[in-house]
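Have a look at this one before I ask anything.
The values are calculated or read from the model by the stated rules, or taken from the named source; none is laboratory data. All figures in this text were calculated on a predicted structure; none of them were measured in a lab. Cβ placement follows ideal geometry from the backbone for every residue including glycine, while neighbour counts extend to all protein chains displayed. Just the protein is used for accessible areas: all its heavy atoms, side chains included, with ligands, DNA and RNA removed. Shrake-Rupley method; radii C 1.70, N 1.55, O 1.52, S 1.80 Å.
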Amino acid sequence: MHKNELLINSNEIRNTISKLKNDGYSLLLDITAIDYLNYPDTTNSRFAVVYVLRDHTFKKFITVKTFVDDATLTVDTISDMFYSANWAERETYDQYGIIFKGHPNLKRVLNHHQFKGHPLRKDYPTTKRQICTETESLMDEMNPLLESYGYTKEDHEDLMFLNVGPSHPASHGTIRNFVAMEGETIKACVTEVGYLHRGFEKSCETHTYSQVIPYTDRLNYCSAILNNIGYSKAVEEMLDIEITPRAKIIRVIIGELSRIIDHLVCNAANMVDLGGLTNFWYLFTPRDKTYDLLSKLTGARLTNSYTRIGGLEFDLYDGFEKDLDEVIKEVEKGIADALSLVEHNKIFLDRTQDVGVIKEDFAISAGITGPNLRAAGVAFDLRKNAPYYGYENFEFDIVVGSHGDVYDRIMVKFEEIRQSIRIIKQAMKELPDGPLNVDDPGVFLPAKKDVYGNIEGLMNQFKLTFEGIKVPKGEYYGSTEAANGELGFHITSDGSGTPYKIKCRPPCFYSLGAYARIVEGGMLADAIVTMASMNFIAGEFDR
Amino acid sequence: MGLGAESSFGDSIITTKLDHAVNWGRSYSLWPMVFGTACCGIEFMSVVGAKYDLSRFGAEVVRFSPRQADLMIVAGTITYKQAPILKKIYDQMCEPKWVISMGACACSGGFYDNYTTVQGIDEIIPVDEYVSGCPPRPEAVLDAVMRIQEKAQRESVLDDREKRDHKGFLDA
């Protein structure tokens, strides 16, 4: 049975976390809570809070759990130790109603402020909707922020307050940034999210493990397959099953292809924001070619739902290799064309270099992972640090930047596309024959000839479809390197075919939490470019 | 000097029905206001991309400015937090205006039957064309644009378009 590694008393939280931090666990990945109201086992109390931390070598992670006193529902905040805890604690408060004592501004982050109750509690009905009529002024966050920067109330007259978003062409989705400006310079910025919060985690609790896969598609819809893989891998690890060698390599190939299209979209959109529309056509053409390949393989363009727990939906089709070669050629041509326009372009360099700089230690404290962190010079890539699916056997490099500015982030993405192509080429050579899916009637649907041919097959199909895959009781955190960074799933199982609780650790959520501090002191126009370069995907941070 | 029909007509006068001329102009110069929130928004980027090329329908001016737009394309999930914003932007658009609801979420909430998702944007604003799919293929969106064009062709400037009896949960 899977358990969280450390179980501590709630009054020891601050001591334990600070000790872990001193021992090198410098990256706070996620905070969530579990509501044990309907759990089959009796527990110390109704709610428990879970912290996930990763150490400075990035190889190990640790999960810390504490039960919360039913009467007070209060634990101490750790937001002064980790920047990332600020939003993580707010989300846990929003969804579960756990109060973090000492948090500077404990308010909702995903649901609108008129919302009553805490939706992820087990006694909140899934479909109980609440109409929202008012927008939030955000002055409750802006005033203390300005005060901390030395502005008095009288100074407010000299500042211009401006909303960028929630529906703004340059905000790439539904983000609202509320900025206080002096001239063109942003002096203070407050970010509000939740406009695309569509209840991923609550919906997981009413569907079987397999039915969750389409929901994961819609987390980061630019690289749906990487989300499928991340989720399936976590569930497979809970089930303690090993997928077949062929399935592993196909997951690597298709996963890297998804990473390529994700980076293409991000860079294309980024350069549109810089005023270079031509790059958009150059980079979208290979992306459309990739989608043709994906729709041939999976039946869908964008939301592929390609993985199954224990394997994959389809094997590669005849002629896949030829199509893949063409796609890779197109991608290489696309990035060469796009780079030829910007590489030595003075305007491009001036607009991106030394703009939106993320410092290394701030990035770690804010829980930023993936290309954004690597651009800041930290060589953290789960494919290298904690390899899975045989990534250790492929020759490829971690791409790191030196400044952590917009330029680095764009170039890191371009180079990562090249590295992904390297991986794909090696993987295609090593693609083994053999079965695609695990042969386990408790996990994988039987072949259609058995469903229609014998009673055992028919019953097996019915059992798996109606009851779902029985995942052993326990709590588990599994993670993969998605296009934006570490994508983790903290899954709680009660032993039935439906997840008791799934918490997704979305890489964007933490990048966006840090965004406001990154753009302060810069120009408004630079904030737009910074936003595009950090690749915020609304479906992911809002879930 | 013109290159097409105008080169042979010179500066002569052409008579036609007012409706015909206005509708012709409207249907081939739609200005979409894309309310893209999620996956469908990404797929809409493909629609304006080189391959599917929305420009062929005279509707490539995507400027995100409600006061200049006449075609609203709601591409993505609308949550209760987002709903008042959608309504506000729709209200800011001048008449005549049309609405395409793109994808399962905008049409019906999709498979997000939970506490946060609006179960179809017609609970807030009137919709002219629904496009199924999650997300729809770009061809399906082009099809909806063509149906809007047909709709625009059938109208008369004499009719009062304002008389819509739609009432959503955000209308007082």
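Please list, ordered by chain and number, the residues whose modelled amide H lies under 5 Å from the amide H of residue A:187; skip anything fewer than 5 residues away on the same chain.
Under 5 Å from the amide H of residue A:187: A:180, A:181, A:182, A:521.
While we're on this one: Run the dipole for the range A:1-148 about the Cα centre, Lys and Arg Cβ at +1, Asp and Glu Cβ at -1, nothing else charged, and hand back the magnitude in debye, nearest 20.
Using Cβ point charges on Lys, Arg, Asp and Glu, the range A:1-148 gives about 420 debye.
Kindly identify the range A:173-305 as rounded, prolate or oblate by the Cα gyration tensor criterion: order the square roots of the eigenvalues as a ≥ b ≥ c, call it rounded if a/c is under 1.5, otherwise compare a/b with b/c, prolate if a/b is larger, else oblate.
Oblate, because a/c is 1.5 or more while a/b does not exceed b/c.
Counting only other chains, what is the mean number of Cβ atoms within 10 angstrom of the Cβ of each residue in peptide A:124-136?
Other-chain Cβ atoms within 10 Å of each residue's Cβ, averaged: 4.
Looking at the range B:82-172, how many pairs of lysines come closer than 15 Å at the Cα, when each pair is eight or more places apart or spans two chains?
Taking the range B:82-172 as the scope, the lysine pair count is 6.
Straight-line reach from residue A:116: which aspartates and glutamates have Cα under 13 Å away, leaving out those fewer than 8 places along the same chain?
Cα-Cα hits under 13 Å: A:94.
Here's a follow-up. Report ³J(HN,Hα) in whole Hz for each residue of the range A:64-76, in order, from the Karplus equation J = 6.51 cos²θ - 1.76 cosθ + 1.60 where θ = phi - 60°; Gly and Pro get x.
Result, rounded to whole Hz: 10, 10, 9, 7, 9, 4, 4, 6, 9, 6, 10, 10, 6.
I'd like to check one number: the per residue accessible area of chain A, probe 1.4 Å, reported in Å² as a whole number.
Using a 1.4 Å probe on heavy atoms only, each residue of chain A averages 36 Å².
How about the range B:1-90: which trypsin sites (Lys or Arg not before Pro) there are in a DSSP loop, with at most 16 other Cβ atoms within 10 Å of their Cβ?
B:17, B:51, B:63, B:67
Report, largest value first, the span of the C-alpha coordinates of the protein assembly as shown along each principal axis, in whole Å.
88, 76, 56
Just want the answer: with Cβ charges of +1 for Lys and Arg and -1 for Asp and Glu, which residue in A:57, A:391, A:495 is farthest toward the dipole's positive end in the protein assembly as shown?
A:495
For the range A:100-139, take the convex hull of the Cα atoms, compute a quarter of its surface area, and give me that in nm², please.
So the mean shadow area of the Cα hull is 3.9 nm².
Taking chain B as a Gaussian network, Cα atoms linked when under 10 Å apart, which of B:141, B:157, B:48 shows the biggest mean-square fluctuation?
B:157
Say R0 is 51 Å: what FRET efficiency, to the nearest 0.05, do residue B:95 and residue A:81 get from their beta-carbon distance?
Result of the calculation: an efficiency of 0.35.
Whole number please: convex hull volume per residue of the Cα set in the range A:225-374, in Å³?
For the range A:225-374, the hull spanned by Cα atoms encloses 131 Å³ per residue.
Further, regarding this structure: To the nearest 20 debye, what is the magnitude of the charge dipole of chain A about its Cα centre, counting +1 on the Cβ of each Lys and Arg and -1 on the Cβ of each Asp and Glu?
Here the size comes out at about 1040 debye.
Among A:353, B:59, A:67, pick out the residue whose Cα is farthest towards the positive end of the charge dipole of the protein assembly as shown, where Lys and Arg carry +1 and Asp and Glu carry -1 on C-beta, about the Cα centre.
Most positive-ward Cα: A:67.
To make sure I understand the rule: partners must be aspartates and glutamates, Cα under 13 Å from the Cα of residue A:233, and not fewer than 8 residues away in the same chain. Which ones qualify?
A:242, A:481
Could you tell me whether the range A:346-393 comes out rounded, prolate or oblate from its Cα gyration tensor? Rule is a ≥ b ≥ c as square roots of the eigenvalues, rounded for a/c under 1.5, then prolate if a/b exceeds b/c, otherwise oblate.
Taking the square roots of the gyration eigenvalues as a ≥ b ≥ c, the range A:346-393 is oblate.
Given the pairs A:289/A:429; A:413/A:470; A:59/A:425, which span a C-alpha to C-alpha distance of over 28 angstrom in this model?
Distance filter (> 28 Å) returns A:413/A:470.
Can you give the Rg to Rh ratio for the range A:186-238, taking only C-alpha atoms and Rh from Kirkwood?
We get a ratio of 1.14 for the range A:186-238.
Now, a different point. How would the range A:416-502 be classified by its alpha-carbon gyration tensor: rounded, prolate or oblate, with rounded meaning a/c under 1.5 and the a/b versus b/c comparison settling the rest?
oblate
Further, regarding this structure: Just to compare against my own numbers: the Cα pair-distance distribution for the range A:133-189, 5 Å bins, whole % per bin, please.
Cα pair-distance distribution for the range A:133-189, in percent: 4, 18, 27, 24, 15, 9, 3.
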